[in-house]
Amino acid sequence: MNPVIWGNHPDPSVLALQGGGYLAVSTSNYAFGFRNDAAFPLQYSEDLIHWTFKGYAFTGGTWPSWAYMDMWAPELHFIDGVFTLYFSGSMKTTRKLALGVAVAKDLGDLFSGFKDLGYPLLQHHKGVIDPHFYRSDGSNFLLWKTDDNAGGGESAIHIQELQVI
């Protein structure tokens, strides 16, 4: 099996674009906000085989103000006309993983950077990770797990209805 995107790209998410083509985003294992690293590389393809690097969801210096490191498990969706990126990141204050959400209004915004809420969408004293957006019968849900396994415990999966921004 040959790789279609070479390099370190854990937790990939792929979105089919309405005008054709695909956009992939992946975890940024070694990115740190305090170093002004970029996070969440964006790759574009017309055929799901040949990919071109297009930029980052968060360029250096544009990270969410609350995030410190561990920019993991991004998931990209096109919801009600807005590119929406759900992700995990470690908080500056507690170093625990929290869930964030950021948006880009169009393809120009998409390739020049996302804007987050300015605060975590969801946090928990054990940490939370691996967000997944799900839509059913017109309702929107977010599924995630607690980060209990980081402390040797078992992680629980949660789901909550939400309003999409």
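The values are calculated or read from the model by the stated rules, or taken from the named source; none is laboratory data. Since we're looking at a predicted model, the values are computed, not measured. Neighbour counts are summed over all protein chains in view; Cβ atoms, including those assigned to glycine, are modelled from backbone coordinates with ideal geometry. Surface accessibility is based on the protein's heavy atoms, side chains included, excluding ligands, DNA and RNA. Shrake-Rupley method; radii C 1.70, N 1.55, O 1.52, S 1.80 Å.
Brief remarks on what is shown
- Wholly enclosed strands (runs of 3 or more DSSP E) of the range 81-165 bearing at least 1 residues open to solvent by 40 Å² or more (accessible area, probe 1.4 Å): 128-136, 139-146, 157-162
- Some residue of the range 54-70 being in a loop (DSSP other than H, G, I, E, B), β-branched (Val, Ile, Thr) and over 15 Å from the mean Cα position of the chain (by Cα): no
- Within the range 41-65, residues that are more than 21 Å from Ala31 (Cβ to Cβ) have Cβ atoms under 8 Å from residues that are open to solvent by 60 Å² or more (accessible area, probe 1.4 Å) and assigned to a strand (DSSP E or B) in these pairs: Ser45/Tyr22; Ser45/Thr52; Glu46/Tyr22; Leu48/Val14; Leu48/Tyr22, counting only partners at least 6 apart in sequence or on another chain.
- The set of residues from the range 58-80 being open to solvent by 10 Å² or more (accessible area, probe 1.4 Å) and touching a helix residue (DSSP H, G or I) at 6+ places or on another chain (Cβ under 7 Å) comprises Trp63, Tyr68, Met69.
- Near pairs, Cβ below 6 angstrom, 6+ apart or cross-chain, from the range 85-104 (more than 16 Å from His125 (Cβ to Cβ) and basic (Lys, Arg)) to any residue that is part of a strand (DSSP E or B) and open to solvent by less than 10 Å² (accessible area, probe 1.4 Å): none
- Count - residues of the range 23-53 that are buried (at least 19 other Cβ atoms within 10 Å of the Cβ) and in a strand (DSSP E or B): 11
- The residue that is modelled with the lowest pLDDT, among those in the range 100-137 that are basic (Lys, Arg) and touching a Gly at 6+ places or on another chain (Cβ under 9 Å), is Lys105.
- Sub-9 Å Cβ pairs linking a first residue in the range 139-156 that is farther than 15 Å from Gln123 by Cβ and at pLDDT 90 or above to a second residue that is loosely packed, with under 14 Cβ neighbours inside 10 Å and among the acidic types (Asp, Glu), at least 6 apart or interchain, are Ser139/Glu161; Asn140/Glu161; Phe141/Glu161, ordered by first then second residue.
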